[in-house]
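One structure is given below, encoded as structure tokens.
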Amino acid sequence: MAGPGCWLAAWALEGLTAADQRVSRLPVLSSTAQYGMPPFAVALLIGVGWGPMATFSWAWTPDPGKARRRRATAFAMGRLVESARTGVTINDVPQYDLYIRVGPGEGGEFIGRYRTLVPASEAALLRRGIPLPVRYNPANHDTVRLADLDDAAVQRAVIDWRVERGLLSAAHSRALRDGVETPASVMTLRPTGRRTDGEVEMTLTLLMAPEDGAAWEAESTGFVDPDALSAIQVGSPVLAWYLPGAPFDPAVEVRR
């Protein structure tokens, strides 16, 4: 199972909906456009881990400072260490400082700050330890910004990070990149008892139901962030990707 996820998300407000996100090199991004919703605002990739990243609609508002964007060139994965309100409120939306532990980055591990507005309805998602892809200036680690999830290179980097940490299998990684997309539904789910990096491993039995062919059953096992469990109950619609030679071991995307 390809895990959104923990994430996703995080990743549907002006910053996301202003961009044309209908086309992507990865099926992960392009698939949700058919539902009229921005990718990452609705997608959780089981085993890919987009969960909170997919949910944080505020997080990927474009940075208006062009010079700042040019300086923040290095990429790394980080984890949220702490979040704190700054005392500033704009249009009734409170401002937060997010402190993100980044590493390994250029020059070693460090903690950088990201300042952003967070709606009250989403403040509970600021959970310590959630993974966040960031860009930063190698010469100044004090501040970071969240990486652009519309960037195919960032998508690949996040997937590679999941593979390296044992949260996503290499086979499911290939299926997400190069596989055949198929609608599916959850028939059964059960935990395996394994936990890694705060995520729980689940096995889903899926009814794979292509629009132009016969349906079949398949199983997908992968790690899921606890925040995504409510989206993979029996009967939940999902999207699955499988390699032509492995139709019974798909990667899975769930929507909420």
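Under 23 Å from residue 131 (Cβ atoms), assigned to a strand (DSSP E or B) and basic (Lys, Arg): does that describe residue 194? Yes. The set of residues in the stretch 197-256 being surrounded by fewer than 17 Cβ atoms within 10 Å (Cβ to Cβ) and of a type in the set (Asp, Glu) consists of 197, 211, 212, 217, 219. Taken as a whole, the condition of being closer than 23 Å to residue 82 by Cα, touching a Phe, Trp or Tyr at 6+ places or on another chain (Cβ under 8 Å) and not in a loop (DSSP other than H, G, I, E, B) applies to residue 135. You will find that of 185, 121, the residue that is of a type in the set (S, T, N, Q) and either in a strand (DSSP E or B) or in contact with a helix residue (DSSP H, G or I) (Cβ under 7 Å, 6 or more places away or on another chain) (or both) is 185 and no other.
Readers should treat all values here as calculations from the given coordinates under stated rules, not as data from a laboratory. Bear in mind the structure is a predicted one, so any value in this text is a computation, not a measurement. Don't worry about glycine lacking a Cβ; one is built from the backbone with ideal geometry, like all the others, and counts go over all protein chains shown.
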